[in-house]
Amino acid sequence: MIMSRTPACFFVLRRLYHRYPPRIILPAFKMADIDGPPAKKQKLNPPEKKAAKKNSKRQHRKDQRNSLPEPCSNEDVLWQEIKEVLGEQYVDDALEQGTERDSPFEFHQELQVQIVALSSTGSALATAVDSSRPWVIVVPFSLPGEIVRLKIYRNARLHSFGDFIELVKPNSELRDDSRVKCQYFGRCGGCQYQMLSYDTQLELKRDVVVKAYQKFSKLPQTALPPIGSTLPSPLQYEYRTKITPHFEAPTKKQRNDPNNPQNDIDKPDWFRIGMNEAGSQRVVDIEDCQIASPTIRQALPEVRANAVRNLYNYKKGVSLILRDSLPIPSADSVVDSLATDLDKHVCVTDHRGTIRERVGSLLFEYPASSFFQNNNSVLPSLTSYVEAQIFADKTYKPTHLVDAYCGAGLFAISLSPHFETVAGIELSADSIRAATRNAVTLNSIPASKISFRAGDAKDIFSAVGDFPPQDTVVIIDPPRKGCDEPFIKQLLAFRARTVVYVSCNVHTQARDVGMILNENREAGRGKYVLESLRGFDLFPQTAHVESVATLRLVEDS
Ligand SMILES: C[S@@+](CC[C@H](N)C(=O)[O-])C[C@H]1O[C@@H](n2cnc3c(N)ncnc32)[C@H](O)[C@@H]1O
């Protein structure tokens, strides 16, 4: 006889569960039954509700102020550099004594400071000339060695933020203000480096890569390859193929302002369409943008005029989009799609529109609201560089390619001629539809060779179980926050021979590469080494740098 191993009480509990599902049973365990009747939830009238909401927001802001910044965030990068200026010991002591918020400066105080360093965020770090205690002031548009006047607008942990007012003593070795092309430079938060030569910009970006790996990778210096000079962008102005100026909806007071123009052509003074001011949420009214492509610059006045015409219809703030595109031939067009360059770019302003771009001899289309690299001029050299890194080891010929975080298929499609089988994954279903069309319809890659799937990047590894890891290359190009741990775990378990990590945030890249190289591994499975590391300038005139790291699996020594 077979005895049941299930205790009888299980069946009793199961019966109870079905008769009294959890929503009925659970209240029986409420603390109120132990501690007395539950406190009645107080009903709040509308002003009380408003005050409670305000208090909770205030508390949230306070908690945020008191917590250390999220690792690898922009705030963290700045904080690490501030600690370097002040000295670790001094910072530790101040944190211990709880004096880290005793700013020597008042809100709106004006002062003269000496710039001591340039942060990886593009802002300068200064120490006050006559401060009572060591304290850093973060100020934009300034260079090491300069003396500037500024106005404090925010105090934080052992540092304050200041608005740039005046350059008292320039660093003439680095600065030449005649290089500045944009009338908004010095206010708009978009560009930081227009006063510098392009060579200096590239050197600074190399320093950012070096510092990021020193601070965030947790790797010894011996594990880092020599970091080459930053690869330049062919265009240093008029390169951006996308801009997103924005504006706030008019307030009641603004709507009723008696000085408002009585027509829908003239823009009221208070209405500003543009980008955020450096270090603030205030919008700078921008009529022209020197780093935007000629097509976008040409279209901007009409886009602005249209916003003014409809000004009083907006109930909420709006983010406009201007994207540079090749014209898309209509379905019945007889023109060969690869010969439709026409040199006549168009500006697409509909978020639901489609954009077409050429990269070398390849065509890409993607939805206007989805991701595509914003500097078309540098893409052929970026994809060629990735290709050169993959094949730097002449002794092997990989056959399979995985493009994780593939977007509209830029890397998968560009590199597909070198592989037998290619697979891409991406969270956005729209981008995946675009990638499939780009591969098969626009660039004639056989569907049997290339496939794309919508999903989380880590899921690609279960889908490519038949790819031979020794002959597989994995390209990673995640968003700014980098990869998550489940992805890195899967990547390490898969053990592709080559991994190329492309990133627009070298700090999260350094963290992730550090995790890969520092893995706890079993002997005999080989280990990853960082073979090459180099910055790429996708964003001239700004402090941003793209970084490409090549990792290779080598046998245990
Ligand atoms: C920096 S873009 C790179 C796109 C593409 N490699 C390119 O160069 O055009 C990062 C892409 O990752 C996608 N993404 C974000 N989180 C993801 C995730 N967890 N899994 C897969 N894709 C993700 C985004 O939608 C975006 O298209």
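The values are calculated or read from the model by the stated rules, or taken from the named source; none is laboratory data. Quick caveat, the model's predicted, so the values are computed rather than measured. When we count neighbours, we look across all protein chains shown, and the Cβ atoms used for this are built from the backbone with ideal geometry, even at glycine.
The residues listed here are 386, 378, 346; of these, the one that is in contact (Cβ under 8 Å) with a residue 12 or more places away in the chain, hydrophobic (A, V, I, L, M, F, W, C) and surrounded by fewer than 20 Cβ atoms within 10 Å (Cβ to Cβ) is 346.
Filter the range 380-396 for residues that are of a type in the set (A, V, I, L, M) and more than 14 Å from the ligand (Cβ to nearest atom); which is farthest from residue 457 (Cα to Cα)? First the steps, then the outcome.
At the first step, the residues of the range 380-396 found to be of a type in the set (A, V, I, L, M) are 382, 386, 388, 390, 392.
Filter once more, so that each one left must be more than 14 Å from the ligand (Cβ to nearest atom): 388, 390, 392.
Working: 388: 24, 390: 21, 392: 26 Å.
Across the range 380-396, the extreme among qualifying residues is 392.
Can you tell me which of 475, 516 is modelled with pLDDT of 95 or more, more than 20 Å from residue 375 (Cβ to Cβ) and either in contact with a His (Cβ under 8 Å, 6 or more places away or on another chain) or crowded, with 19+ Cβ neighbours inside 10 Å (or both)? First the steps, then the outcome.
Details: 475 fails: more than 20 Å from residue 375 (Cβ to Cβ).
After ruling out the rest, the residue left standing is 516.
Here is the figure for the range 397-416: residues that are out of contact with any Pro (no Cβ under 6 Å at 6 or more places or on another chain), within 10 Å of the ligand (Cβ to nearest atom) and either under 19 Å from residue 459 (Cα atoms) or assigned to a loop (DSSP other than H, G, I, E, B) (or both) total 8.
For the range 351-371, name all the residues that are of a type in the set (Val, Ile, Thr) and away from the ligand (no atom under 14 Å from the Cβ). Full working, then the answer.
Taking the range 351-371 as the starting set, the residues that turn out to be of a type in the set (Val, Ile, Thr) are 354-355, 359.
Listed by number, the list holds a single entry, 354.
Evaluate the range 424-436: report whether one residue or more is among the hydroxyl-bearing types (Ser, Thr, Tyr), within 14 Å of the ligand (Cβ to nearest atom) and assigned by TED's automatic domain parsing to the domain that holds residue 498. Yes, that holds for at least one residue. Filter the range 440-461 down to the residues that are out of contact with any Pro (no Cβ under 9 Å at 6 or more places or on another chain) and within 14 Å of the ligand (Cβ to nearest atom), then identify the one that is nearest to residue 553 (Cα to Cα). Only one residue fits best here, namely 461. Does the range 264-282 include one or more residues that are in a helix (DSSP H, G or I), exposed (fewer than 14 other Cβ atoms within 10 Å of the Cβ) and touching a strand residue (DSSP E or B) at 6+ places or on another chain (Cβ under 9 Å)? Looking for residues that are in a helix (DSSP H, G or I), exposed (fewer than 14 other Cβ atoms within 10 Å of the Cβ) and touching a strand residue (DSSP E or B) at 6+ places or on another chain (Cβ under 9 Å), one finds none in the range 264-282, hence no. Just one of the listed residues (423, 435) is under 20 Å from residue 391 (Cβ atoms) and among the aliphatic types (A, V, I, L, M), and it is 423. Among the residues of the range 67-82, those that are of a type outside the set (S, T, N, Q) and surrounded by 17 or more Cβ atoms within 10 Å (Cβ to Cβ) comprise 72, 77, 78, 79, 81, 82. Scanning the range 533-552 for residues that are free of Cβ contacts under 8 Å to residues at least 60 places away in the same chain and over 30 Å from residue 124 (Cα atoms) returns a single hit, 551. When you scan the range 66-78, do you find a residue that is at pLDDT 95 or above and not charged (D, E, K, R), even just one? Checking the range 66-78: at least one residue is at pLDDT 95 or above and not charged (D, E, K, R).
Among the residues that make up the range 484-502, is at least one of them within 16 Å of the ligand (Cβ to nearest atom), closer than 12 Å to residue 72 by Cβ and assigned by TED's automatic domain parsing to the domain that holds residue 550?
Within the range 484-502, not a single residue is within 16 Å of the ligand (Cβ to nearest atom), closer than 12 Å to residue 72 by Cβ and assigned by TED's automatic domain parsing to the domain that holds residue 550.
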